[in-house]
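The values are calculated or read from the model by the stated rules, or taken from the named source; none is laboratory data. Here the structure is a predicted model, which means the values were calculated and not measured. Because the Cβ atoms are built from the backbone with ideal geometry, glycine has one as well, and the counts that use them run over all protein chains shown.
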Amino acid sequence: MMDKTWFGELFLICILQTKLSGGFRVVGPNVSPVVLTGGDALLECRTEPPVSLTNLEVRWFKDSFTSPVHLYTRGQDQPMEQDAAYRGRTELFKEAFNVGNASLKLRNINPFDDGEYKCFIDFKTIYEEAKIHLKVGGMGHQPLIHMEAISQWGIRLTCTSNGWYPRPNVHWINGKGEIISAQSLTIEKDRLSGLFNVLSRVDVRSDSVNRFSCLMQNPLLNKGEEADLQVAALFFPKTNIWMVLFLCMLISLIIASVVEVLHHWRKREKTKELKLFCTLEGYDDTKINDASVTLDKETANPKLELKDENSMRLTDDHHQRSDPMKYFTDMECVLGSNKFTSGQHYWAVDVGMNQKWSLGAALKSVEKRGKIEIVPQHGFWSISCAEGQLYANDNQPTQISVQAIPKKLGVYLSYKSGRIAFYDVASKSLLYAFTGNNFQEELYPFFGTEEVNQWMNVFHGQSLKLHRNLATQRCWFYNMFVKKHKDHTEEQELRLLNH
């Protein structure tokens, strides 16, 4: 009879333990605690139903499970495994362990303590955790206002304050209670303390009150600090309306004169560019072939995506190429399908928003395996754009001086004379020319890009034809004018360009 009773009690205990082990919960507070910097925080945590924590593991952690804020296991605290930032600042209420109280006391709060904490309890058969978000607030010092500068238009006021957390809201208010727009606002975080330092400036003019306030508010604590400054009227400059009108007229005249000078200077530069363009294009001497350039897919680096044989862009994907001996392996480049062994040829390229590109011409025999310099010595004649600068990839790299990087560029190839020149399509101006080359083998158009997902487009036939026709017409009119009017003036040249 005793054996049966003992066995029944043991069986009941096992059932109760199994049911309890599957029914534990770890719960935190219903409202996130808000604590001032320098104070102590209580992060509440308990088990439901209450269970003794003496022989369990209680782990508090924030960013990393393996770097705990506080760890209790094997019947005692484990300070050597604790995150160094929390050593000596944490405490568990062990006298309340028997009722499942795992709350943590965190002393000397600083801004770096702000964030989400996890109260983790290992029940041996299962584990549970609760999340508690600690919000840290810090009220800064009383703001300080002072006059920074006085000009003929008004006074600049500066407001400073240190020691805020989180970032405060800053408002300037005049004596009528109206908010004034700040001229500038600088909020910097101190790396050591984690607190924010504030500096704000505002330009003010005299009114009937001349009283100005700087209000800084902590959005978390819903509290603020304010400073006032009463400015005497004598500090505000007196405006002379006639002097203002005189200055406005003087500035207008100066601007008009500068604009006129620049206007004529640009026209004279365009005259020089047009003369140069007509000469280099060989007008009235030779016929230039408008090459309908297409891209050769078999030579394209696998990261290049080709579209309609006229467009290319660099991607993060690899695209299938049939013959690994034909394509560029390490350089994001491609050759054109057109080969040139004689004559004069012209094609144009739209680089669009691409900020890192290369284009020009290359020999059939150029090395496509590995990384090499794209210079004439290795069979490349090209220009490149990188870091907002334009370069000629000569054997001695040369920076090309331009006001703005062109979006559309023309390439002119004269095989017999050994000339490869580059033009700004918009202004018809020469950018750079390689001369004196003795070509002995086939030349192909060359294109490269290092910027992901930015298209480069070779001009289609109609667009290229229109560009060439316009240039040819301008050259024709210009030559006819020069031949007919031997004694023409510069002003007549400018009028011709206007038409």
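Of all residues in region 370-387, one or more are in a helix (DSSP H, G or I) and surrounded by 14 or more Cβ atoms within 10 Å (Cβ to Cβ). Screening His345, His318 for residues that are under 30 Å from the mean Cα position of the chain (by Cα) and modelled with pLDDT under 90 leaves exactly one candidate, His318. If only residues of region 331-342 that are closer than 15 Å to Phe446 by Cα and in a loop (DSSP other than H, G, I, E, B) are counted, the one that is farthest from the chain's Cα centre (by Cα) is Lys339. Restricting Val170, Val136, Val198 to residues that are in a strand (DSSP E or B), crowded, with 18+ Cβ neighbours inside 10 Å and more than 30 Å from the chain's Cα centre (by Cα) narrows the list to Val136. Residues in region 309-335 that are in contact (Cβ under 8 Å) with a residue 40 or more places away in the chain, surrounded by 10 or more Cβ atoms within 10 Å (Cβ to Cβ), in contact with a strand residue (DSSP E or B) (Cβ under 7 Å, 6 or more places away or on another chain) and of a type in the set (Asp, Glu): Glu332 alone.
Only a single criterion out of (1) closer than 17 Å to Leu443 by Cβ; (2) in contact with a helix residue (DSSP H, G or I) (Cβ under 8 Å, 6 or more places away or on another chain) is not satisfied by Asp323, namely (1).
For region 403-419, enumerate the residues that are among the β-branched types (Val, Ile, Thr) and over 17 Å from Met353 (Cα atoms).
Answer for region 403-419, where residues must be among the β-branched types (Val, Ile, Thr) and over 17 Å from Met353 (Cα atoms): just Val411.
I'd like the full set of residues that are of a type in the set (Ser, Thr, Tyr) and assigned to a loop (DSSP other than H, G, I, E, B), limited to region 388-423. Of everything in region 388-423, those that are of a type in the set (Ser, Thr, Tyr) and assigned to a loop (DSSP other than H, G, I, E, B) turn out to be Ser401, Tyr415, Ser417. Val27 fulfils the conditions (1) modelled with pLDDT of 95 or more; (2) over 51 Å from the mean Cα position of the chain (by Cα); (3) under 17 Å from Glu128 (Cβ atoms) except for a single criterion, (2).
Restricting region 66-110 to residues that are β-branched (Val, Ile, Thr), in a loop (DSSP other than H, G, I, E, B) and under 20 Å from Tyr127 (Cβ atoms), the residue that is modelled with the lowest pLDDT is Thr66. Of all residues in region 358-373, those that are assigned by TED's automatic domain parsing to the domain that holds Pro397 have Cβ atoms under 6 Å from Cβ atoms of residues that are assigned to a strand (DSSP E or B) and aliphatic (A, V, I, L, M), 6 or more apart or on another chain, in Leu359/Val349; Ala361/Leu413; Ala361/Ile420; Ala361/Leu443. Kindly evaluate Ser358 against the criterion of being assigned to a loop (DSSP other than H, G, I, E, B) and either of a type in the set (Gly, Ala, Ser) or within 16 Å of Glu442 (Cβ to Cβ) (or both). Answer is no for this residue.
Screening Trp381 against (1) at pLDDT 90 or above; (2) farther than 24 Å from Asn301 by Cα; (3) among the aromatic types (Phe, Trp, Tyr) leaves a single unmet condition, (2).
Among the residues of region 250-299, those that are more than 36 Å from the chain's Cα centre (by Cα), at pLDDT 75 or above and either surrounded by fewer than 15 Cβ atoms within 10 Å (Cβ to Cβ) or part of a helix (DSSP H, G or I) (or both) comprise Leu250, Ile251, Ser252, Leu253, Ile254, Ala256, Ser257, Glu260, Val261. The set of residues in region 40-80 that are free of Cβ contacts under 8 Å to residues at least 24 places away in the same chain and either over 16 Å from Lys118 (Cβ atoms) or among the aliphatic types (A, V, I, L, M) (or both) comprises Asn55, Leu71, Arg74, Gly75, Gln76, Asp77, Gln78, Pro79, Met80. Counting only residues that are in contact (Cβ under 8 Å) with a residue 12 or more places away in the chain and polar (S, T, N, Q), which one in region 390-407 is surrounded by the fewest Cβ atoms within 10 Å (Cβ to Cβ)? The residue in question is Asn395. A Cβ distance below 7 Å, combined with a sequence gap of six or more or placement on separate chains, defines the contacts here; from region 431-448, residues that are within 10 Å of Lys364 (Cα to Cα) and in contact (Cβ under 8 Å) with a residue 24 or more places away in the chain reach residues that are surrounded by fewer than 19 Cβ atoms within 10 Å (Cβ to Cβ) and small (Gly, Ala, Ser) in the pairs Glu441/Ser365.
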